[in-house]
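S.K.: Here it is, the structure, as structure tokens.
Values quoted throughout were computed directly from the atomic coordinates according to the rules given, and no laboratory measurement underlies them. Everything numeric here is computed off the predicted structure, so don't read it as measured data. All Cβ positions, glycine included, derive from the backbone under ideal geometry; neighbour counts span all protein chains shown.
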Amino acid sequence: MRASSTLGMTCVLVFATMVATPAADAANGKAAKAQRAAPVVAVVPPRPPVHPTVAAKSLAQRAQPAVALPLPPPTAPRPSATAERRPAAPAPTLAATARAAQPQAAASVIPASLRTPIRPSARIGGGTPILPVAQTSGLSCVPFARMATGMNISGNGGRWWHNAAGIYQRGRVPERGAIMAMPGSGGMHLGHVAVVSRVLNDRQIEVDHANWGGPGLRRGQVLRGALVVDVSDRGDWSAVRLQVGHDRTQLGRTYPVQGFIYNRPLTGETLSVEAPRFEQLAAIAE
């Protein structure tokens with residue numbers, strides 16, 4: 001009898017468990033769905049209050065522009081002991097310097113040292129006026145110089161410097177209206193004369209002359225504003241290079257210069273002469 005009761009109670013408990021389990025699972029599922037559907041709320045702890053002065057300083061610091069700090073200067077590398085013991089390079093000899101300068105001296109283009117403007121001297125300006133000469137061809141250097149200056153000097157171009165002694169003032173400084181006298185040399189055996197039309201600086205002038213050869217020039221043609229560069233060692237215009245043809249950047253070979261004859265007679269009297277239209281006294285220059 002007692003065993004039957006125990007068995008009956010066990011059956012009742014099993015049945016109750018089987019009935020309660022689905023109901024519990026359904027309740028748990030509903031609770032999980034409700035938990036997933038609910039919004040997640042993050043709990044943020046409250047920030048401590050900030051003092052107004054501290055907040056203002058923070059805003060001012062963020063408003064200031066960024067300043068780039070200067071970099072320290074580079075430190076030169078310290079020479080090693082091997083470099084300190086290395087012997088210095090020998091100084092170039094005079095012969096080596098002369099050989100290095102030969103290509104530049106032989107070139108016909110104006111050297112850079114002569115193209116650089118030189119500080120004008122106090123002598124620039126003044127001089128004497130130049131007379132207009134309408135004839136532009138069929139002239140040698142001597143009759144053109146007479147027409148342009150009115151100076152009465154006899155002989156060919158190579159004799160003007162000596163024949164002007166005692167008649168006109170002479171010197172080594174170029175000025176407007178003066179005659180640049182060149183002696184005979186090389187292929188220019190009769191010499192040459194040119195009228196200084198403008199003084200550019202202590203080493204450069206412009207001249208008007210006739211019968212000077214060059215590309216684009218005919219025999220007996222007048223060339224105005226030709227560049228002349230002083231290439232003498234002492235800067236005394238004893239050696240010059242003249243413009244070749246119409247190109248101002250091209251200079252010919254070096255020619256000697258005797259000096260400049262000024263259109264100021266020593267006697268104080270004004271001398272003038274009217275030269276013929278053509279007088280072939282000087283051979284064409286190179």
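S.K.: Just check the range 135-265 against the gyration tensor rule for me: Cα atoms, a ≥ b ≥ c as the square roots of the eigenvalues, rounded for a/c under 1.5, and otherwise prolate or oblate depending on whether a/b exceeds b/c. Mind showing how you got there, number by number?
M.R.: Working: a/c = 1.44, a/b = 1.11, b/c = 1.30.
It comes out rounded by the Cα gyration axes.
S.K.: Quick one: if the Förster radius is 25 Å, what FRET efficiency do Gln169 and Arg198 give, using the C-beta to C-beta distance and rounding to 0.05?
M.R.: On the way: r = 20 Å, r/R0 = 0.80.
Calculated transfer efficiency: 0.80.
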